[in-house]
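Peer 1: Please read through the structure below; I'll follow up with questions.
The values are calculated or read from the model by the stated rules, or taken from the named source; none is laboratory data. Values in this document were obtained by computation on a predicted structure and should not be read as measured data. Note: ideal-geometry Cβ built from the backbone for every residue, glycine included; neighbour counts use all protein chains shown.
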Amino acid sequence: MEVGDSTSIFAAPILGSLGIEADAHGCRQFSEGLSILSARRRAGTLPAVVVLALGANGPIANGQIAQALRIVGPARVLGLVTAPKSAVSDAKMRRAAAAHPDRVLLIDWAAFSAGHDSWFGGDGLHVGGPGAQAFSRLIRRKVAPFAFPPVEKLRLPRHSTRTTRCGTVRRNGRTSHVFIVRGRRSVLCRRARALARLPVLHPPAGWRSYDWRRTRNGPWRWVKARDDAKVVIATI
């Protein structure tokens, strides 16, 4: 789900075609986005990944990102999209992502779009057709591991039998059991535990993280897979 202001109006239908519900409205403030999230949570329709593309219509107020995190809760991922010419809001988004590496996904549109003047209208902020395509595909690519885990590609077992148990790790006050699901001859338990301790939204180079809770396929919570999918570790 993406909630945006006028900078993502042209992107909204493209996001929809990519499987991401989008709600964009001109001059929308960050506070209005929070109200939308609150209403969706009360209705029981708040999805697993929530993206806020807000902050271009005025700086994000102190405490508003913390409020967004309270609304989405610890079981969801909060994506924050930076915007060109919104330095104060962008800085707060970056600080939030650094402070909450397991919960806040920074989607750095400001950096990604830098130098692509043809993507924007005369104000350098609102996107045209090519910019809307680039904006939408960036969001889709960033949220895909957490909103659309690749069940068919990885084909993880539905049970922990025939996997290698590697003990437990503790992060953020929570104990997780670590398993080598694939590639037990290629990775040691020590390495598997080290991978499991890393922030889930920031896997090391050559690896990808997936939120497997969304699949309801087996007991797994978070999965880290090597890019070639030949080595997979998972936690319960």
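Peer 1: Taking the options L105, L80, name whichever one is among the aliphatic types (A, V, I, L, M) and either touching a Phe, Trp or Tyr at 6+ places or on another chain (Cβ under 8 Å) or surrounded by fewer than 22 Cβ atoms within 10 Å (Cβ to Cβ) (or both).
Peer 2: Checking each option against the conditions leaves just L105.
Peer 1: For region 182-214, what are the residues that are of a type in the set (K, R) and closer than 18 Å to R165 by Cα?
Peer 2: Across region 182-214, the qualifying residues are R182, R184, R185, R190, R191, R193, R197.
Peer 1: Here's another thing I want to ask about it. I'd like to check something: does region 168-189 contain any residue that is outside the structural domain of V49 (by TED's automatic domain parsing) and touching an Asp or Glu at 6+ places or on another chain (Cβ under 8 Å)?
Peer 2: Yes: region 168-189 contains one or more residues that are outside the structural domain of V49 (by TED's automatic domain parsing) and touching an Asp or Glu at 6+ places or on another chain (Cβ under 8 Å).
Peer 1: Just wondering, is there one or more residues in region 200-210 that are touching a Leu at 6+ places or on another chain (Cβ under 9 Å), among the aliphatic types (A, V, I, L, M) and crowded, with 20+ Cβ neighbours inside 10 Å?
Peer 2: yes
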